[in-house]
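Taking it in order: structure first as structure tokens, then the write-up.
Here, each number is a calculation from the coordinates, and none is a lab measurement. Computed from a predicted structure; not experimentally measured. Reconstructed Cβ throughout: ideal geometry from the backbone, glycine too, with neighbour counts over all protein chains shown.
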Amino acid sequence: MRRWLVALIITAGGAAGAAASGLERVPAIAHPATAKECGECHMAFQPALLPAGSWLRIMDGLADHFGEDASLPADLTASIRAYLAANAGRSGDPKITRITEQSWFAKEHRFRSAVWQRPEIKAKSNCLACHPRAEQGNYDDD
Ligand code: HEC
Ligand code: HEC
């Protein structure tokens, strides 16, 4: 945990005592195409962070991916789609495509808006700003 973050969270009233998400350690990405193609604009998110339905929606809508065109050749899309769905998590709402809009995420990240507005953070989806081992699937930093 980053030291400045600990200070902010203590001031914010804390995430301590939040219910366990079951996602504190998820398997790292073990599919080179996913790691490469889905790690270009942001950290490649581990499949266990979303249920299969969310991944299918994401993979079927890459041409308009949160406002960006992230489309890929059909064979690559199919291979990444299959990997993400086969290794998806069990928690979360499959109609929601954002990790950061899942209810477990809100529960684990009850911070004041001042925390999210830190220049080091920029976006809720910037897991690495606060979880230095996020690329290994390790969100257990206390
Ligand atoms: C061209 C750039 C680009 C590529 C390539 C890309 N993404 Fe994204 N992705 C974005 C942007 C922009 C956002 C929105 C970021 C934000 O608002 O915080 C995003 C957000 C996401 C989110 C939601 C994050 C949250 O807020 O919870 C997921 C999940 C995601 N991408 C998965 C993927 C997957 C899977 C791939 C590979 C098939 C991929 N992305 C490839 C640009 C990209
Ligand atoms: C502003 C900093 C910040 C950002 C950005 C952030 N997190 Fe967190 N996250 C935390 C803190 C602080 C906790 C609570 C730590 C604790 O209680 O162990 C936490 C808890 C978690 C937990 C629960 C860990 C546990 O022990 O149960 C998971 C899983 C998690 N975050 C995943 C993510 C993912 C995935 C992203 C990006 C999509 C993300 N976080 C973005 C700060 C952040």
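Points to keep in mind about this one:
- For LYS122, a cut-off of 23 angstrom between C-alpha atoms picks up these lysines, skipping any fewer than 8 places away in its own chain: LYS36, LYS107.
- The angle between the Cα long axis of helix 3-12 and the longest principal axis of the Cα atoms of the chain comes to about 70 degrees, rounded to the nearest 10.
- Net charge dipole size for segment 72-135 [Lys, Arg +1 and Asp, Glu -1 on Cβ; Debye, nearest 20]: 300 debye
- Under the Karplus curve 6.51 cos²θ - 1.76 cosθ + 1.60, θ = phi - 60°, whole-Hz ³J(HN,Hα) for segment 77-91, x wherever Gly or Pro sits: 4, 5, 5, 5, 4, 5, 5, 5, 5, 5, 10, 5, x, 9, 9
- Between ALA78 and CYS41, the modelled labels are 2.4 nm apart [label points 7 Å from Cα along Cα→Cβ].
- The radius of gyration of the Cα set in segment 53-118, together with its Dmax, comes out at 14.4, 43 angstrom.
- Eigenvalues of the alpha-carbon gyration tensor of segment 92-139, scaled by 5 and square-rooted, set the equivalent ellipsoid semi-axes at 18, 15, 9 angstrom, largest first.
- For the chain, the calculated P(r) over all alpha carbon pairs, in 5 Å bins from 0 to the bin holding the longest distance, is 2, 9, 18, 23, 20, 14, 9, 4, 1, 0 percent.
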